[in-house]
Amino acid sequence: MPEPSSQLEDIVAAYRILAGFNIIDAYGHVSMRKDGDPTRYLLARSLAPELVTADDIIEYDLESTPLTAAGRESVRERFIHGEVYKARPDVMAVVHNHSPTVIPFSVTGVAMRALFHMAAFIGDGLPNYEIRDIEQGTDLLVKTPRLGEALAQTLGAHPAALMRGHGAVVVGENIARAVGRSVYLEMSAQMQLQSIALAGPGGKITYLDAAEVAASVAPQDYGRAWPMWRAKALEGLSKT
């Protein structure tokens, strides 16, 4: 059966939103767990995000085997999505991005911390996936179930994990949270770099405390931003 148009539109919009914010480039991707079947997920074929349409979406099982490929090429890193969905029944959407300001935090040992209420989910820091711990001499791509499983283990119960020298994986209980967290993770990284530069060596930076994080995360569903971003993305699609 064809997927409900709203879910396909959500995925297409998510790709285009994140490309518009430069969160994903030609190689990032977004998936959603299939409505009505938690053992399946939906992910676009291997294609630049800004070009994705509903016709490009492929259904996968949790082993990341394509079920509706019809000759279309799958992304090599689809195992990120399948393994996260296996490990996290609460997750309904997954973003893998190459967020440019986040990557420096993945290679320096400087922890990202929440300093901006819209990215309170960062808390006291996010785990960092080191692919060398699993396999030496890779191209850093998560191209096998084993590497995907290790990434899912690193992610644990967190809303996001950095990927050393590569980018990040961001998850959500819905597509709005996964997309919103991806956008504000990049913004927060920019702000933290600016704060570090302004404060100087040994300078003071006031981060959110545990109570502020707890008060901010639960209600933060990006309920204003997502409908606006989605409408703009789909409007742009209709003009192409």
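The values are calculated or read from the model by the stated rules, or taken from the named source; none is laboratory data. Remember, it's a predicted structure, so these values are computed and weren't measured experimentally. Here the Cβ positions follow ideal geometry from the backbone for every residue, glycine too, while neighbour counts run over all protein chains shown. What goes into the accessible areas is simple: the full protein's heavy atoms, side chains included, and nothing from ligands, DNA or RNA. Shrake-Rupley method; radii C 1.70, N 1.55, O 1.52, S 1.80 Å.
Using mean Cβ contacts within 10 Å as the protection proxy, how do 228-234, 99-105, 183-189 order, highest first? Kindly include the intermediate steps, with their values, before the conclusion.
Working: 228-234: 16.4, 99-105: 20.3, 183-189: 22.9.
Highest to lowest by the protection proxy: 183-189, 99-105, 228-234.
Per residue, the chain exposes an accessible area of 46 Å² to a 1.4 Å probe, with every protein chain left in place. Computed over the alpha-carbon pairs of the stretch 53-152, the distance histogram in 5 Å steps reads 2, 10, 17, 21, 20, 14, 9, 5, 1, 0 percent, short to long. Two decimals is fine: what's Rg over Rh for the stretch 196-235, C-alpha atoms, Kirkwood radius as Rh? With Rg and the Kirkwood Rh in hand, the quotient comes to 1.26.
Here is the size of the stretch 1-81 from its Cα atoms: Rg then Dmax, 11.6, 34 Å. Sites listed here are GluC sites (Glu not before Pro) in the stretch 62-133 whose DSSP assignment is loop and whose Cβ has at most 14 other Cβ atoms within 10 Å: GLU63, GLU73, GLU130. Remark: relative contact order (the chain) = 22 percent; criterion is Cα-Cα distance under 8 angstrom and separation of 6 or more residues. Solvent-accessible surface of protein heavy atoms, probed at 1.4 angstrom with all chains present, puts VAL52, VAL110 in the order VAL110, VAL52, largest first. Round to the nearest 10 and give me the degree value, 0 to 90, for the angle of helix 145-155's Cα axis relative to the longest principal axis of the chain. Helix 145-155 sits roughly 40 degrees off the main axis of the chain.
Note on the chain: dipole from Cβ charges, positive end direction compared against GLN194, SER74, ILE103; the farthest Cα belongs to GLN194. Using a ≥ b ≥ c from the Cα gyration tensor of the stretch 99-240 (square roots of the eigenvalues), is it rounded, prolate or oblate, where a/c under 1.5 gives rounded and otherwise the larger of a/b and b/c decides, a/b for prolate? In terms of gyration-tensor shape, oblate.
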